[in-house]
Amino acid sequence: MSHWSIRWKWTLGNAAMLTLILCGFAGVMLVMVHRHLLRQADTALADELDELAEELRFSPTREQMLKRLDERFSVHSHYHFQITDDDGEVIFRSRFLTNILLPRPGRPSMLRGKEYSDISLPELGHFRLLTMAIRDPQSQPLLYQALSPRSALDREFRSHVWMVLTAGPLTLLVALAAGYFLAGRNLAPIGRITSTAEKISAERLDERLVIENPHDEMGRLAATLNKMFARLDRSIDEMRRFTADAAHELRSPIAVLRTETEVALRRPRSDAEYREVIAVIHAETCRLTELVDQLLTLSRHDAGLQSPLTEEVPIDALLSDVSERFQVPAQEKGVTLEIASIPAWYVLGDDVALSQLFFNLVDNAVKFTPAGGCIRLFGKSNGRTAQFVVEDTGCGIDSEHLPRLFERFYRVDPSRQQSSGGTGLGLSICKSIAETHGGSIVVESEIARGTRFLVTLPGAELSE
């Protein structure tokens, strides 16, 4: 049934389940009807036998008893009787039972209560037999037996069976049609979702599915698909902007390289002029190399190709190394770089990536902190995570730029960033590294008061 539609699968599945339920219900109903009919027949048979026994109480002698029985019970349209003594000798028998000996369950003196049974008489059919022991007026045990044909009972039971066999298939056909109709109505929203989803493409990801009832399964499915389309829309938009920004960033150094080489090749030049051209080409090549390396780093993080995070990295020692590397550049610029209290904290991760994270943050702080400013590195832990802070007293960043600061190629001041040699990818790499290690990075800044980057990383304290 793999090639069948869901509508038919639901319809046939419901029909199969309904068939099982109807079969079970019909079987139980027929058993109960049969028991009810049999109980009615047994009750009527017992009433007749009780009436026979009642007649015997008013007969003082056996002769009178036989006379009364012959007058009233010798011929009956539906019930037939037989009385035998303790030795099995027939005392009374309806004319219908002439030359027919009914089965005896035992001696009357040994029988207790009423016994019902089904018997078959040759050429006469099936009968219901009731046997009961009672004493005559002389206290002699007698075996009373009453017999009635089962034809009426069987005929009525067959009528119920045929009714079930007739109504059952009709009910299943109606249920099949109703199930097919209801399945179509229930699946109609999926059809609308499918038709709308087919219209949505990479160029039309702004379209959304109509949610008729947000609380049912179809509504939740449509809402989930809308969220997925929104994520795809954002991802494709970011990819397009990233591609455009990367092409723009790559075009600039390539254009400089091409221009410098073309100008140098127009006519012979002196050694000093060639050295100047080569210096420009070298600088642009270094910038291009840095840009390609950062693009490769981001691509590896996006693809999940970073190294396994199994190395125990001591963050306090790592920050100490980063601080030492920037002491000389900071002093040359007239900026104070100090490292305050850092918790003895280790993180399961990549030592090179974490070094790059804090290297980028301190590098930015040194670049954008004017002479006389100060850069501080400190941190604190709360048991499960530790927060490390890189703050400076630089020019600060306007609040309107903070939400987009970690976007790729985003620059607060493109001219200043370009002059400082940045690519606009450093903070994006920092965010990617922090999130890869299960942490986060946020920024706080005020104009003319400085900027603070807070890096939160999970881990544990180093044991002494």
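Across the range 3-25, the number of residues qualifying as within 18 Å of Gly179 (Cβ to Cβ), assigned to a helix (DSSP H, G or I) and open to solvent by less than 60 Å² (accessible area, probe 1.4 Å) comes to 8. Once the range 124-166 is narrowed to residues that are basic (Lys, Arg) and either free of Cβ contacts under 8 Å to residues at least 40 places away in the same chain or assigned to a strand (DSSP E or B) (or both), the residue that is farthest from Leu52 (Cα to Cα) is Arg158. Entry remark, the range 26-48: residues being over 18 Å from Ser159 (Cβ atoms) and surrounded by 11 or more Cβ atoms within 10 Å (Cβ to Cβ) number 6 in total.
Could you list all residues from the range 99-121 that are modelled with pLDDT of 80 or more and either farther than 23 Å from Thr43 by Cβ or part of a strand (DSSP E or B) (or both)? Lys114, Glu115, Tyr116, Ser117, Asp118, Ile119, Ser120, Leu121 - these are the residues of the range 99-121 that are modelled with pLDDT of 80 or more and either farther than 23 Å from Thr43 by Cβ or part of a strand (DSSP E or B) (or both). Going residue by residue through the range 210-219, is there one that turns out to be assigned to a helix (DSSP H, G or I) and surrounded by 12 or more Cβ atoms within 10 Å (Cβ to Cβ)? Yes: the range 210-219 contains one or more residues that are assigned to a helix (DSSP H, G or I) and surrounded by 12 or more Cβ atoms within 10 Å (Cβ to Cβ).
Reported count of residues in the range 167-186, each being open to solvent by less than 60 Å² (accessible area, probe 1.4 Å) and free of Cβ contacts under 8 Å to residues at least 40 places away in the same chain, is 2. Among residues that are open to solvent by 60 Å² or more (accessible area, probe 1.4 Å), assigned to a helix (DSSP H, G or I) and acidic (Asp, Glu), Asp87 is not included. Name the single residue that is modelled with the lowest pLDDT among those in the range 442-464 being crowded, with 22+ Cβ neighbours inside 10 Å and within 19 Å of Val362 (Cα to Cα). Residue satisfying both the conditions and the ranking: Gly450.
Scanning the range 355-414 for residues that are open to solvent by less than 30 Å² (accessible area, probe 1.4 Å), part of a strand (DSSP E or B) and not aromatic (Phe, Trp, Tyr) gives Ile375, Leu377, Gly379, Ala386, Val389, Val390, Asp392. In the condition set (1) of a type in the set (A, V, I, L, M); (2) open to solvent by 60 Å² or more (accessible area, probe 1.4 Å); (3) modelled with pLDDT of 80 or more, Leu130 is compliant with all but (2).
With respect to Asp316, is the statement that it is more than 30 Å from Ile193 (Cα to Cα), modelled with pLDDT under 70 and open to solvent by 40 Å² or more (accessible area, probe 1.4 Å) true? No: the conditions fail for Asp316.
The values are calculated or read from the model by the stated rules, or taken from the named source; none is laboratory data. The structure displayed is predicted, hence computed values, not measured ones. With ideal geometry, Cβ positions are generated from the backbone for all residues, glycine too; neighbour counts draw on all protein chains shown. In case anyone asks, the SASA skips ligands and DNA or RNA and just uses the protein heavy atoms, side chains included. Shrake-Rupley method; radii C 1.70, N 1.55, O 1.52, S 1.80 Å.
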